[in-house]
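Following: one structure in structure tokens, then a few remarks.
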Amino acid sequence: GFKTDSGTNDTIQLFRGRLSKVAMKETKVNLTFDDALAQLKTKTVGTDISPVSYLNSTYNPADIMWWVVTSYGGLSNVKSVSNSDINYIQWLEWHDIFTNDSVFVQANFEGENVIEILDSIKDITDSVVYAEGDNKLYFSRWTGIISSLFITLTDSYITKTTELNINGNSILNKISVQTSYDPSAGTWAGTVTTQNTTSSNSYGVYEQVYDNTNIWYVTSASAINLGERITYRRSEPSVSLKIKTPLNMIHLQLGDEIVLTSRIYSYTTQNFILQEYEKNTETKVITLTLDDGFNIGGGRLGGFILDNNYWGKLDQSYNHLN
């Protein structure tokens with residue numbers, strides 16, 4: 001970091017983890033550190049004989065995530081900003097999204113490791129789970145809210161040729177969600193199907209079935225919520241950019257909203273989400289991977305859609321104008 005006033009420092013934490021490997025080669029030493037997610041790979045939940053079940057009620061997915069990473073993953077269970085392993089503010093916001101949307105699940109775990117369970121929960125909730133430089137877990141769900149906080153990126157910050165990719169493999173326009181699984185009988189109570197006919201007519205049918213027997217929706221309303229989200233935001237090919245910048249972008253975090261203006265691809269204040277970064281302090285180059293949000297990762301809708309049943313509504317809960 002940089003010294004500001006006398007006796008103070010302005011710093012950025014780039015990485016924190018547990019030292020797991022040291023490799024020496026004469027005058028060079030390579031140190032390998034494991035972050036919180038890597039450490040969860042060895043933790044398991046339940047067994048075939050003694051499963052861990054959440055069947056007696058309906059549950060907020062964020063609560064199950066919390067119980068799994070704390071009770072079985074060994075992370076801090078302190079529900080305050082002082083939690084050393086989980087960004088509590090982000091988890092609470094994530095939790096409130098499911099509460100407001102009336103999204104409820106049940107679960108049954110028979111020896112899956114914690115990372116497998118995190119993957120199952122993020123898939124069925126259309127969320128992302130990641131560890132940042134402070135080695136805390138962060139949680140985010142794709143949302144229609146455009147944030148008032150964003151980073152402006154222009155050609156003056158771009159140091160090398162910008163790569164642009166249009167990805168049609170991420171299209172999903174027909175979603176079938178199985179509901180109310182019975183682990184004892186191995187049966188489902190019902191199926192909810194949602195389809196975007198406009199996308200299907202344009203690109204063909206791209207279907208996915210959500211039938212995970214570790215965690216599932218218990219109401220058709222929860223299943224419809226997922227189906228409408230996926231078939232809307234993944235109905236078109238997604239656009240991603242790979243941009244190289246100098247170290248002045250070193251403060252960026254995953255999920256940050258980037259407003260790009262670039263003459264190369266004729267973008268004027270176009271909204272993107274930071275999906276991935278590589279920070280190389282030796283070459284003094286930051287590589288940013290941006291996505292327009294209509295992909296499998298996190299994202300935000302830059303505005304609202306007038307003729308859409310969900311994203312065409314304005315209220316203070318999920319889609320307001322500043």
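The values are calculated or read from the model by the stated rules, or taken from the named source; none is laboratory data. The structure displayed is predicted, hence computed values, not measured ones. So basically every Cβ, Gly included, is an ideal-geometry build from the backbone, and we count neighbours across all protein chains shown. The accessibility values were calculated without ligands, DNA or RNA, using every heavy atom of the protein model including side chains. Shrake-Rupley method; radii C 1.70, N 1.55, O 1.52, S 1.80 Å.
Restricting attention to region 6-131, the count of lysine pairs at 8 or more positions apart or across chains with alpha carbons under 25 Å apart stands at 7.
On the beta carbon distance between R18 and S50, with R0 = 30 Å, the FRET formula returns roughly 0.55. Note on T213 and T193: the model spin-label points, each 7 Å out from Cα along the C-beta direction, lie 2.3 nm apart.
Would you mind telling me the share, in percent, of accessible area of region 215-282 contributed by carbon and sulfur at probe 1.4 angstrom? After summing per-atom areas, the C and S share lands at 47 percent.
When only alpha carbons are used to place a centre, region 155-176 and region 182-251 end up 18 Å from one another. Can you work out the PRE-style zone for S220? Point 7 Å along Cα to Cβ, and I want the residues of region 187-207 with backbone N under 14 Å. Under 14 Å, as judged by backbone N against the label point of S220, lie 189-194 of region 187-207.
Distance from the alpha carbon centroid of region 273-290 to that of region 59-115 works out to 29 angstrom. Computed over the chain, relative contact order equals 17 percent, with contacts defined as Cα pairs under 8 Å that lie 6+ residues apart.
A Gaussian network model of the chain, with springs between Cα atoms under 10 Å, assigns the largest mean-square fluctuation among R18, R234, R263 to R263. Using the Cβ-Cβ distance between N248 and L164 with R0 set to 25 Å, the FRET efficiency from 1/(1 + (r/R0)^6) comes to roughly 0.65.
I250 sits among other residues whose Cβ lies under 14 Å from its own Cβ, and their net charge, with Lys and Arg +1 and Asp and Glu -1, is -2. Once the Cβ-Cβ distance of T269 and E26 is raised to the sixth power relative to R0 = 51 Å, the FRET efficiency obtained is 0.50. State in Å² the accessible area per residue of the chain; use a 1.4 Å probe, count heavy atoms of protein chains only, and round to the nearest integer. Counting only protein heavy atoms, the per-residue value for the chain is 53 Å². The stretch between S102 and N9 holds 29.0 nm of extra length on full extension. This uses 0.36 nm per residue minus the Cα-Cα distance. Among K160, K21, K174, which one moves the most in a GNM of the chain with springs linking Cα atoms closer than 10 Å? Residue with maximal mean-square fluctuation among K160, K21, K174: K21.
Of the peptides 113-123, 44-54, the order by per-residue mean of other Cβ atoms within 10 Å, starting with the highest, comes out as 113-123, 44-54.
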